[in-house]
Amino acid sequence: QTITEEQIRAAVGPIDTAAIIENDSHDRNWLNYGLNYAETRYSQLDAITTENVGELGLEWSYDLKSRRGVQATPIVVDGVMYVTASWSVVHALDALTGAPLWVYDPEVPGEFASRGCCDVVNRGVAVYDGKVYVGAFDGYLHAIDAATGEQVWKVDTIENREMSYTVTGAPRIINGKVIIGNGGAEYGVRGYITAYDTTTGEEAWRWYTVPGDPSKPFENDAMEMAAETWDASANYWEAGGGGTVWDAMAYDPELNLLYIGTGNGSPWNQHLRSPAGGDNLFLASIVALNPDTGEYVWHYQNTPGDTWDYTSTQHIILADLEIGGEMRQVLMQAPKNGFFYVIDRTDGSFISAEPFVETTWAKAYDDSGRPIENPAARSKDEPFETVPSAYGAHNWHPMSFNPDTGLVYIPAQGVPLVQSTDPGWSLNSHQPMSTMSGMGWNLGYLFNVVAPEATPFGHLLAWDPVNQREAWRAEYVSPWNGGTLTTAGNLVFQGTADGRFIAYDATTGETLWQTPVTSGVVAAPMTWEKDGTQYVTIAVGWGGVYGLMQRATERVGPGRVFTFRVGGTAEMPRFEMSDRTELVSGVPYDRAQVEAGLATYVANCLFCHGVPGVNNGGAIPNLGYSASETLVNADVWVLEGAGIHNGMPRFDAHLSEADVQAILAFIQGTADAVRGAAQ
Ligand SMILES: O=C(O)c1cc(C(=O)O)c2c(n1)C(=O)C(=O)c1cc(C(=O)O)[nH]c1-2
Ligand SMILES: [Ca+2]
């Protein structure tokens with residue numbers, strides 16, 4: 001072992017809120033998910049510059065032994081690194097060598113995979129007072145001894161285990177309280193965020209984001225206010241209402257305000273959730289809370305009356321900007337809905353919002369901070385191509401803000417999708433054609449009943465938040481590129497869907513250096529210093545909601561951590577290539593069953609396995625490229641649960657052998673049609 005337990009105790013033991021703030025004066029460590037409480041992901045380290053970044057070389061790489069999405073930003077404390085793989089497994093490493101110190105597996109049951117919309121991912125840990133904290137996918141918050149990897153305590157953050165709550169986000173820690181939200185608003189849950197005592201795990205406070213049953217007492221004044229913006233005629237509380245806090249938080253120590261981003265409605269479709277409309281507070285909002293008590297302070301709602309999965313859980317960055325000749329304390333956000341927001345973080349007042357991609361649901365915001373909507377975007381009768389789509393113009397992939405250039409670096413994208421009201425929807429019922437309803441999703445929308453017209457795209461967007469306009473962009477071959485890091489070396493770093501790690505000149509966007517890595521990248525890079533040397537680290541592992549079913553490189557290696565420095569000379573690991581190259585053939589089927597198979601497939605398989613034969617698959621296999629023997633034996637997988645440990649659910653509670661045959665007819669029929677079209 002390269003680092004002793006005593007050394008780790010000496011490093012992580014003193015980490016508290018003051019230490020996290022002290023790190024802001026040098027950025028040698030990376031102590032919080034977004035580097036600092038302002039979550040800027042701008043490091044003052046400047047040993048790696050536009051001049052020498054071309055000499056960046058690999059120092060070490062580490063195999064995370066995972067096959068699903070890796071979204072973690074590593075935490076580094078004085079040469080000790082903590083990083084998570086898929087299934088919320090925590091790895092402690094010697095940051096100088098990549099040698100493992102310990103591995104902590106929270107043992108998330110395989111059957112939990114289907115309780116989350118978007119892959120068994122985890123965005124990372126928090127460190128405090130000698131402990132490492134991870135919110136595991138199955139909803140338990142674990143405190144781990146930073147030196148030994150042994151569990152100190154574990155609490156259940158889920159208030160009702162009948163509901164499909166999951167945890168994917170990184171905890172944040174403020175003055176002895178570890179704060180964590182959850183996900184589940186595709187299924188039907190009531191969002192909330194909870195703070196626990198870092199020492200004991202005892203609950204300190206919980207704040208719900210949407211009102212519960214209005215016939216019962218409201219938990220607080222904010223819930224009473226929120227309830228006035230909901231129509232209770234459709235019993236919104238039965239599907240939970242949504243508003244999950246599944247990713248972004250930021251903290252301003254001087255104002256003592258915790259900022260959280262809230263998610264979409266449950267069900268998605270507002271006509272079915274709150275038929276008379278209304279803003280439906282606090283969906284799709286930024287909310288400021290007192291972190292000591294969990295009390296509501298103010299909110300700004302980006303998307304009133306959300307009906308498009310327009311979460312505002314995307315990254316929140318705090319900065320002080322000169323706007324109209326005045327220094328303003330702002331927060332910035334580029335949520336799914338395609339507008340870039342600058343909000344006064346002292347009181348939530350609206351400063352500006354402008355589209356950073358094409359938008360069809362609204363073209364602009366009025367001076368009061370409300371969107372000027374396109375009425376067609378809420379049609380009950382007609383399909384509407386929502387741009388951006390539910391995949392978001394920007395999803396959870398972190399952006400970064402460089403105060404030297406004044407630019408925000410956004411992983412921007414478009415994934416085309418047409419939404420139309422699902423006339424057959426009812427709560428928790430498995431309906432053919434109703435998207436993933438067999439898995440418990442409650443959207444109230446059908447997808448792509450007519451084909452979308454837009455084309456998918458992904459680019460790195462350098463955005464000027466003061467003038468609300470683009471400075472430069474770098475185009476990519478695909479959506480779903482990684483998060484960004486920016487540094488005082490005037491650099492921007494980003495990994496890409498097609499499996500590259502790139503450094504750009506932060507001012508001009510010129511590509512200065514790049515290297516291929518072992519798979520597509522979704523996580524954000526980070527940087528740290530030890531003994532006078534600056535390192536750049538990135539965790540790699542393709543996945544997440546888009547990455548489950550599509551990919552943009554044939555490299556399909558396991559999750560890995562890569563650390564680079566100027567002059568590094570380690571060898572890149574071997575590139576593992578996909579063997580899913582042939583469309584399936586020879587599965588016997590009845591042509592008359594294809595249509596029924598399609599309907600069952602859409603209701604059970606689509607958001608994991610993708611459309612058969614269209615792309616050869618992401619972190620989960622596209623069945624159009626399976627071996628025919630695998631499909632012929634599908635009963636074992638679908639009805640008997642042979643893949644349960646890998647997250648493949650068993651469906652025998654609501655699917656029969658005849659359903660499986662129909663699904664196979666759809667898969668083989670579609671593969672044959674794709675092959676025919678290609679000839
Ligand atoms: O509504 C929710 O509760 C919820 C949770 C999550 C999640 O926890 O990862 C995602 C989403 N929604 C979501 O809409 C989304 O696009 C998404 C992408 C990802 C991902 O990890 O790639 N998670 C989530
Ligand atoms: Ca969602």
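The magnitude of the dipole of the stretch 126-166, with charges of +1 and -1 set on the Cβ of Lys/Arg and Asp/Glu and taken from the Cα centre, is near 60 debye. Within the stretch 218-301, the ratio Rg/Rh, alpha carbon atoms throughout and Rh by Kirkwood, equals 1.00.
Computed from backbone phi, the HN-Hα couplings of the stretch 504-515 come to 10, 5, 5, 7, 9, x, 5, 6, 9, 6, 7, 9 Hz, rounded to whole numbers (Karplus: 6.51 cos²θ - 1.76 cosθ + 1.60, θ = phi - 60°; Gly and Pro given as x).
Would you kindly calculate the translational diffusion coefficient of the stretch 378-419, applying Stokes-Einstein with the Kirkwood radius from alpha carbon pairs, for 10 °C and a viscosity of 1.306 mPa s, and quote it in µm² s⁻¹ without decimals? Translational diffusion coefficient: 129 µm²/s. When +1 charges are put on Lys and Arg Cβ atoms and -1 charges on Asp and Glu Cβ atoms, the dipole computed for the stretch 94-163 relative to its Cα centre reaches about 160 debye. Ranked by how many other Cβ atoms sit within 10 Å of their own Cβ, fewest first, the residues E322, E295 fall in the order E322, E295. Given in Å, the Rg to one decimal and the Dmax to the nearest whole number for the Cα atoms of the chain are 23.7, 72.
Measuring r between the beta carbons of D344 and S628 and using R0 = 60 Å, the FRET efficiency lands at 0.50.
Along its principal axes, the stretch 43-115 has C-alpha extents of 50, 24, 21 angstrom, given from the largest down.
Taking every alpha-carbon pair under 8 Å whose residues sit at least 6 apart, the stretch 1-133 reaches a relative contact order of 29 percent. Within the chain, helices built from complete DSSP H runs that reach 24 Å or longer along their own axis (Cα positions) and carry a mean Kyte-Doolittle hydropathy of 0.0 or higher are 657-678. Amide H to amide H, with H built 1.01 Å from N, K530 comes under 5 Å of Y535, counting only residues 5 or more places away or on other chains.
Proximity of backbone amide H atoms, modeled 1.01 Å from N, is registered between R190 and G242 at under 5 Å, excluding neighbours fewer than 5 places apart on the same chain.
With the helix formula -39500 (n - 2.57) applied to DSSP H stretches of n ≥ 4, the chain reaches a computed 222 nm mean residue ellipticity of -3000 deg cm²/dmol.
Per the Cα gyration tensor, the stretch 30-155 maps to an equivalent ellipsoid with semi-axes of 27, 17, 15 Å, ordered largest to smallest. Shape analysis of the stretch 578-647 places it in the rounded category; the axes a ≥ b ≥ c from the Cα gyration tensor give an a/c below 1.5. Per the Debye calculation on the stretch 192-266 with a single equal scatterer at every Cα and no solvent contribution, log₁₀ I(q)/I(0) for q = 0.26 Å⁻¹ amounts to -1.27. Taking amide H positions as modeled 1.01 Å from N, with prolines and chain starts lacking one, the residues under 5 Å from G543 and 5 or more places away or on another chain are V70. The GluC sites (Glu not before Pro) of the stretch 590-643 include none that meets both criteria, a DSSP state outside H, G, I, E and B (loop) and at most 10 other C-beta atoms within 10 angstrom of the site's C-beta. Once C-alpha pairs closer than 8 Å and six or more residues apart are averaged by separation and normalised to the residue number of the chain, the relative contact order reads 13 percent. Karplus-based coupling profile of the stretch 391-408, in residue order and whole Hz: 5, x, 5, 8, 9, 6, 4, x, 9, 8, 10, 9, x, 6, 8, x, 10, 9, with θ = phi - 60° in 6.51 cos²θ - 1.76 cosθ + 1.60 and x standing for Gly or Pro.
Taken about its Cα centre, the chain carries a charge dipole of about 1080 debye when Lys and Arg each add +1 at the Cβ and Asp and Glu each add -1 at the Cβ.
Of the trypsin sites (Lys or Arg not before Pro) found in the stretch 136-227, those that fall in a DSSP loop while having at most 15 other beta-carbon atoms within 10 Å are R161.
Could you tell me the distance between the Cα centroids of the stretch 79-129 and the stretch 442-476, to the nearest Å? After rounding, the separation between the Cα centres reads 30 Å. Computed from label points 7 Å out along Cα-Cβ, the spacing between E295 and S426 is 4.5 nm. Taking every alpha-carbon pair under 8 Å whose residues sit at least 6 apart, the stretch 480-551 reaches a relative contact order of 27 percent.
Please list, by residue number, every one of the GluC sites (Glu not before Pro) in the stretch 17-98 that is coil in DSSP and has at most 16 other beta-carbon atoms within 10 Å.
For GluC sites (Glu not before Pro) across the stretch 17-98 that sit outside H, G, I, E and B with at most 16 neighbouring Cβ atoms in 10 Å, the list reads E51.
Coupling constants for the stretch 49-60 follow from the phi torsions by the Karplus curve (6.51 cos²θ - 1.76 cosθ + 1.60, θ = phi - 60°), and in residue order they are 10, 4, 6, 10, 4, x, 9, 4, x, 5, 9, 7 Hz; glycine and proline get x.
Read-outs: derived from the displayed coordinates by stated rules, not from any lab. Keep in mind the model is a prediction, meaning the values are calculated, not measured. Positions of Cβ are backbone-derived with ideal geometry, glycine not excepted, and every protein chain shown enters the neighbour counts.
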